[in-house]
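Encoded as structure tokens, the structure appears first; notes follow it.
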Amino acid sequence: MDQICLLKNTIQEYAWGSRTLISNLVGETSPSEKPQAELWMGAHPKAPSLVNFKGEWQPLDRLISIYPDEILGADVAGRYSNKLPYLFKILAAEKPLSIQAHPSLQQAIAGFERENLQEIPLDAKNRNYRDNHHKPECICALTPYWALCGFRPISEMQSLFSKIQTPEIEPSIKELKKKEGGEGIRVFFQKLMTLSPADRESGLHKVVTQARIYASQDPVFKWILNLHEEYGFDAGILSPVFLNLICLQPGQALFLFSGELHAYLSGLGIELMANSDNVLRGGLTPKHVDISELVNILRFEEKKLEILEPVSIGQCEKAYPTWAEEFVLSVITLRQETSFLSKKKRSVEIMICVDGSAMLMDMKKEKQVFLSRGQSVIIPARASQYQMAGQGVFYKAGVPDGVEISSGS
């Protein structure tokens, strides 16, 4: 398989999704009948993309099993056991997602083996580890995008809690003073998230009352009220106080390491991640929550947020500097007077148009593929060098080639 092919992708309908954001992007009826949360581009067995190849729509995971070297490239096929190492998504959050984290590679291998020995079915609701892979990820805003990521500095937590603390949650907060650094955060978090139902409801009822006083002054308290409206007296409604709250502007991105507690709150974004389905949840969800296992995998450290801005790597293309081995995210911006010429040697790429349109020309075969807003293509490693001409914005997923992308350039 050595040609650029259009993709047909599955839209996942989850309760927190939007009825307009994805449908407007892909040109379908809007508002949609059900909330649309994620559009998946890739070869995940749960919902592989369909590829327009030889006049038929064929599952990408099946094509990769037949043509691993041609699609992935021999190096990537060898490194990742003939599997596409990333999953590319459009993510549309109308309502906040759960607070969650993903295990490291070592934790995923151990957890997957442990739950296999316990004979927990892979599709069981109480299963934490559905594969033996880690899941670093990058989220890039297409609209203003609210998110929580990593623990705030302890001094900030204490300042915010001083405005809303109650007798029920005060013992948890005191742990931040009693123990230094990460150990204090760990004990604080574990105590807070395991409050008795009576203390939790009583304490959070008072917190919500006090948050209303400050909601117009600070988005932290506004988000407490928003989360309470969706999830009642779940301890996770306090997460804007102890996690960094940020609103990414379009084009800005965050990289999330394994073990970093986070939650996506609202907006439309591009998400690129390692091809794993391992999620440990701590709250703000009707799904399985396992606080003890979450505590085992979390990074309990103060985090200073690093907003990623794309760095120029060639004419029309900018890439986001991350620490992932499995993927690299870049954005191609075309104007009428410019064109984009790909590298001759590349890994497998998936590209989606989020604005405008372009013609992709295979330089060797002189075959053209037209790509318009909401459409996506796969460009196999074996495909010839290609050129793009048109006007629009295109996000591209690929596998790093070993050339470091410096945020300082």
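The values are calculated or read from the model by the stated rules, or taken from the named source; none is laboratory data. Computed from a predicted structure; not experimentally measured. No Cβ is skipped: glycine too gets one built from the backbone with ideal geometry, and neighbour counts run over all protein chains shown.
Of the residues Ser30, Ser23, which is among the hydroxyl-bearing types (Ser, Thr, Tyr), in a helix (DSSP H, G or I) and over 20 Å from His133 (Cα atoms)?
Testing whether each residue is among the hydroxyl-bearing types (Ser, Thr, Tyr), in a helix (DSSP H, G or I) and over 20 Å from His133 (Cα atoms) leaves just Ser23.
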Going through (1) surrounded by 14 or more Cβ atoms within 10 Å (Cβ to Cβ); (2) under 22 Å from Leu225 (Cα atoms); (3) not basic (Lys, Arg) one by one, Gly182 fails only at (2)
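Have a look at Lys287, Lys343 and point out the one that is of a type in the set (Lys, Arg), over 30 Å from Arg186 (Cβ atoms) and more than 17 Å from the chain's Cα centre (by Cα). So that I can check it myself, show each step before the final result.
On the way: Lys287 fails: over 30 Å from Arg186 (Cβ atoms).
Within the list Lys287, Lys343, the selection yields Lys343.
From the list Leu63, Leu91, which one is over 30 Å from Leu148 (Cα atoms) and touching a strand residue (DSSP E or B) at 6+ places or on another chain (Cβ under 7 Å)?
Values: Leu91 fails: over 30 Å from Leu148 (Cα atoms).
Of Leu63, Leu91, the one residue that is over 30 Å from Leu148 (Cα atoms) and touching a strand residue (DSSP E or B) at 6+ places or on another chain (Cβ under 7 Å) is Leu63.
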Hey, does the stretch 152-163 have a residue that's closer than 20 Å to Phe221 by Cβ, surrounded by fewer than 20 Cβ atoms within 10 Å (Cβ to Cβ) and touching a strand residue (DSSP E or B) at 6+ places or on another chain (Cβ under 8 Å)?
yes
Only unsatisfied item for Leu238, checking (1) buried (at least 22 other Cβ atoms within 10 Å of the Cβ); (2) assigned by TED's automatic domain parsing to the domain that holds Leu97, is (2)
*Test Met351 against the stated conditions and say whether it is crowded, with 16+ Cβ neighbours inside 10 Å and either over 16 Å from Pro250 (Cα atoms) or among the polar types (S, T, N, Q) (or both).*
yes
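For the stretch 33-78, how many residues are small (Gly, Ala, Ser) and not in a helix (DSSP H, G or I)?
Going residue by residue through the stretch 33-78, those that are small (Gly, Ala, Ser) are 37, 42-43, 47, 49, 55, 65, 73-74, 77-78.
Filter once more, keeping what is not in a helix (DSSP H, G or I): 37, 42-43, 47, 49, 55, 73.
Final tally of qualifying residues: 7.
Only one of Ala92, Ala108, Ala101, Ala77 is touching a Pro at 6+ places or on another chain (Cβ under 6 Å) and surrounded by 18 or more Cβ atoms within 10 Å (Cβ to Cβ). Can you tell me which? Don't jump to the end; show me each part of the working.
Details: Ala92 fails: touching a Pro at 6+ places or on another chain (Cβ under 6 Å); Ala108 fails: touching a Pro at 6+ places or on another chain (Cβ under 6 Å); Ala101 fails: touching a Pro at 6+ places or on another chain (Cβ under 6 Å).
Matching residue, one of Ala92, Ala108, Ala101, Ala77: Ala77.
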Scanning the stretch 118-158 for residues that are of a type in the set (Ser, Thr, Tyr) and part of a loop (DSSP other than H, G, I, E, B), the one nearest to the chain's Cα centre (by Cα) turns out to be Thr143
Residue hits (the stretch 1-34; within 20 Å of the chain's Cα centre (by Cα), closer than 21 Å to Gly356 by Cα and surrounded by 21 or more Cβ atoms within 10 Å (Cβ to Cβ)) are Asn9, Leu21, Ile22, Leu25
Conditions (1) in contact (Cβ under 8 Å) with a residue 60 or more places away in the chain; (2) part of a helix (DSSP H, G or I) -> Ile213 fails only (1)
